[in-house]
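Enquirer: Let me give you the structure first, and then I'll get to my questions.
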Amino acid sequence: LQKHYCDYCDVFLTHDSASVRKAHNSGRNHLANVRDYYASLGHDKAQSIIDQITAAYESGNPPPPGGFGFGPQHLGPPGPPFGGPPMGYGAPPFGGPPPFPGRPPMPPGMPGPPGMMGPPGAPPFPPNGPVPPPGMGPPGMGPGGFPPPVLKCDPATVSFESDKPNFTSPETSQALQRAAEQLHARQTVAFPTETVYGLGALALEPDAVARIFSTKGRPADNPLIVHVSSRDMLLRVLPKGYTISRTYETLMKRFWPGPLTLLFPTDSSIVPPIITANQPTVAVRMPSHPIARALIALTDAPVAAPSANSSGKPSPTRAEHVFNDLQGKVGIILDGGPCGVGLESTVVDGLQDDGNLRVLRPGGVTVEDLEHIIREDLADLDVAPKVLVHKRDYRDEAIEQAPTTPGMKYRHYSPSVPVTLLLTRSPPASGTQRISLLAFVESIVAGAAESGRPLRIGVLSPSDSPLPKRLSSLAIPDVEWIQHPLGPIAEPAVSAQRLFDGLLSLDNAKVDRIVVEEIQEEREGLAVMNRIKKAAGDSVWIDV
């Protein structure tokens, strides 16, 4: 067989095939070494090499015999250092502590994981991008030229006065300033909110917003939410002369800053259609997390920010979740600790002629919260608004096909392993009967018998549910149960906070399947079940 020559490594692979080349080029050490090598070159020289390689592949021309001649073995001593060596992960010679507690340092002399290059196999710089990715910029950009991918921020050191942030921590202030500069460079930044971690870009700049879609692999017809830090910033997003309704004023007074998103009319000359997916409305909210709001205020521009994860995966609630998923695709991750709510914001449409509030996506503000405020603050209206939940109280086929807000059309929140929803509380559908827990588990084991190893099953259920004990008591060999309690049955807010972390933790633990027990669809439980139903590939009525 014809062999493939890797110009950088100066080796011949076993044979020339797309799978072999991809496996080699995606290798951890290969990518890390290539990253370090390009970093050692001057920017012009590195970019020239990338442009030549890109042009060759785009024209369909194969490498010449012996390769392109760009690997380090073909070149003389490197030119002026391009920002110095990378900071790495905490082991000599790279310095600095590991970004997350409990993560061991890399062995001495080992390069850190690829973090500044884009997807595996992509050139270290976008071939035609206007700005090099973070860490590839000129010397002086940060210690060693490669800024750490994760910047610690302490929410307790941020306060607000007249919509302006104040800081008592220089480290947090500097991290946020750096992130604001990144946004103005039309790049993306991952940052914490009270709901989940967001992937932010300047909302009114189409080229910046496009990076969100490419980074996440997000469908173009899935709209984005615009985040603002103040009422004045909200008015900059809305059509000129638009009057906010009394109902919306009441909701903003009670729930902003906070996990409530409102739909407003949009003007395409202000908000680019890439944000709204060409819909006539734009979704806007003001986050309450101090780091999120301070970042937007320092940037002095509205920020579009869906969850900071690959499209379809569970939303991240910790900086480590973002790092594990998007490393190499986002330049800066602001670590503000775990998210307090743990599920995305509630999205409300109050623009219809009947004046009712339609909950398009349940979230951190519950239906009960909305109804309480209506009773308290809007009781004097001739006709008080009703709160209607999409798919529970009404259906709208048009909005399901062309959604005005995220989370309505596509399957979401799915880890890499199958998820099964165990219906232990709700009555079975017509013509359906419950099956025993033993029969359900035996069906899973039978389906995985050919694996030849013990089956690892993750369990997400309330901590006071009888399900975990019943599962552990089943006399089935070669099954290991990995529990992740969701908190007490009576506290659905705790289940909301733990759900995504549980899905991601069990996925990271390499389980073969995840089973999730249903909870009551009340208060935060409505949002929890909304996410579980989207994540689950199937549902089974179980007799516990």
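Enquirer: Counting just the residues of the stretch 341-374 that are modelled with pLDDT of 95 or more, of a type outside the set (D, E, K, R) and within 17 Å of ALA305 (Cβ to Cβ), which one comes out surrounded by the fewest Cβ atoms within 10 Å (Cβ to Cβ)?
Expert: So, considering only residues that are modelled with pLDDT of 95 or more, of a type outside the set (D, E, K, R) and within 17 Å of ALA305 (Cβ to Cβ), the one surrounded by the fewest Cβ atoms within 10 Å (Cβ to Cβ) is VAL341.
Enquirer: Those residues that are in contact (Cβ under 8 Å) with a residue 60 or more places away in the chain and not in a loop (DSSP other than H, G, I, E, B), I need them from the stretch 417-468; list them, please.
Expert: Selection gives VAL419, THR420, LEU421, LEU422, LEU423, ILE435, SER436, LEU437, PHE440, ILE444, SER451, LEU467.
Results for (1) more than 21 Å from the chain's Cα centre (by Cα); (2) open to solvent by 40 Å² or more (accessible area, probe 1.4 Å), shown as yes or no for each residue.
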position	(1), (2)
TRP481	yes, yes
PRO485	yes, yes
PRO492	yes, no
LYS510	no, yes
ARG513	yes, yes
GLN520	yes, yes
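Enquirer: Of the residues LEU224, LEU251, only one is over 19 Å from the mean Cα position of the chain (by Cα), modelled with pLDDT of 95 or more and hydrophobic (A, V, I, L, M, F, W, C); which?
Expert: Checking each option against the conditions leaves just LEU251.
Enquirer: I'd like the residue in the stretch 368-393 that is free of Cβ contacts under 8 Å to residues at least 12 places away in the same chain and not in a loop (DSSP other than H, G, I, E, B) and, out of all such residues, is nearest to the chain's Cα centre (by Cα).
Expert: Ranking the qualifying residues of the stretch 368-393, first place goes to HIS372.
Enquirer: Here's another thing I want to ask about it. Among the residues of the stretch 266-295, write down those that are within 21 Å of GLN352 (Cβ to Cβ) and hydrophobic (A, V, I, L, M, F, W, C).
Expert: VAL271, ALA277, VAL282, ALA283, VAL284
Enquirer: Additional query: Evaluate the stretch 174-182: report whether one residue or more is within 20 Å of ALA304 (Cβ to Cβ), over 20 Å from the mean Cα position of the chain (by Cα) and open to solvent by 20 Å² or more (accessible area, probe 1.4 Å).
Expert: Within the stretch 174-182, one or more residues are within 20 Å of ALA304 (Cβ to Cβ), over 20 Å from the mean Cα position of the chain (by Cα) and open to solvent by 20 Å² or more (accessible area, probe 1.4 Å).
Each row is one residue, and each column tells you yes or no for (1) of a type in the set (Ser, Thr, Tyr); (2) closer than 16 Å to LEU204 by Cβ; (3) free of Cβ contacts under 8 Å to residues at least 60 places away in the same chain.
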| position | (1), (2), (3) |
| --- | --- |
| ARG246 | no, no, no |
| ASP267 | no, yes, yes |
| ILE274 | no, yes, no |
| ILE333 | no, no, no |
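Enquirer: Taking the stated definitions as given, is PRO155 touching a His at 6+ places or on another chain (Cβ under 8 Å), touching a residue at least 24 places away in the same chain (Cβ under 8 Å), of a type outside the set (A, V, I, L, M, F, W, C) and under 25 Å from GLN327 (Cβ atoms)?
Expert: yes
Enquirer: Can you name the residue in the stretch 319-331 that is touching a residue at least 24 places away in the same chain (Cβ under 8 Å) and among the charged types (D, E, K, R) and is also surrounded by the fewest Cβ atoms within 10 Å (Cβ to Cβ) among such residues?
Expert: Applying the filter and picking the extreme gives GLU320.
Enquirer: Confirm whether SER288 is modelled with pLDDT of 95 or more and closer than 20 Å to THR215 by Cα.
Expert: no
Enquirer: Next question. Could you tell me whether any residue of the stretch 229-248 is in contact with a Pro (Cβ under 7 Å, 6 or more places away or on another chain), open to solvent by less than 10 Å² (accessible area, probe 1.4 Å) and more than 21 Å from PRO316 (Cα to Cα)?
Expert: Yes, the stretch 229-248 contains at least one residue that is in contact with a Pro (Cβ under 7 Å, 6 or more places away or on another chain), open to solvent by less than 10 Å² (accessible area, probe 1.4 Å) and more than 21 Å from PRO316 (Cα to Cα).
Enquirer: Another question, then. With (1) on the phi > 0 side of the Ramachandran plot; (2) touching a Cys at 6+ places or on another chain (Cβ under 7 Å) as the list, and THR172 as the residue in question, which single condition is left unmet?
Expert: For THR172, the failing item is (1).
Enquirer: Evaluate the following for ILE514: is it touching a helix residue (DSSP H, G or I) at 6+ places or on another chain (Cβ under 6 Å), assigned to a loop (DSSP other than H, G, I, E, B) and touching a residue at least 60 places away in the same chain (Cβ under 8 Å)?
Expert: On the way: touching a helix residue (DSSP H, G or I) at 6+ places or on another chain (Cβ under 6 Å): yes; assigned to a loop (DSSP other than H, G, I, E, B): no; touching a residue at least 60 places away in the same chain (Cβ under 8 Å): yes.
No; evaluated as a whole, the condition is false for this residue.
Enquirer: Applying the selection to the stretch 428-463, what residues are modelled with pLDDT of 90 or more and under 25 Å from GLU524 (Cα atoms)?
Expert: Scanning the stretch 428-463 gives GLY458, VAL459, LEU460, SER461, PRO462, SER463.
Enquirer: In this structure, is THR317 under 16 Å from the mean Cα position of the chain (by Cα) and hydroxyl-bearing (Ser, Thr, Tyr)?
Expert: yes
Enquirer: Regarding LYS391, is this residue open to solvent by 80 Å² or more (accessible area, probe 1.4 Å) and either within 29 Å of ASN508 (Cβ to Cβ) or at pLDDT below 90 (or both)?
Expert: yes
Enquirer: OK, next. Is it true that SER310 is within 18 Å of the chain's Cα centre (by Cα) and open to solvent by less than 10 Å² (accessible area, probe 1.4 Å)?
Expert: The answer is no for SER310.
Enquirer: Starting from the stretch 469-487, keep only residues that are touching a residue at least 40 places away in the same chain (Cβ under 8 Å), then list their pairs with residues that are aliphatic (A, V, I, L, M) and open to solvent by 80 Å² or more (accessible area, probe 1.4 Å) whose Cβ atoms are within a distance under 8 Å, requiring at least 6 positions of separation or different chains.
Expert: none
The values are calculated or read from the model by the stated rules, or taken from the named source; none is laboratory data. Note that the coordinates shown come from a computational prediction; the quantities given were computed from them, not determined experimentally. A quick note on method: Cβ atoms are made from the backbone with ideal geometry, for glycine too, and the neighbour counts reach across all protein chains shown. Only protein heavy atoms, including side chains, enter the accessible area calculation; ligands, DNA and RNA are left aside. Shrake-Rupley method; radii C 1.70, N 1.55, O 1.52, S 1.80 Å.
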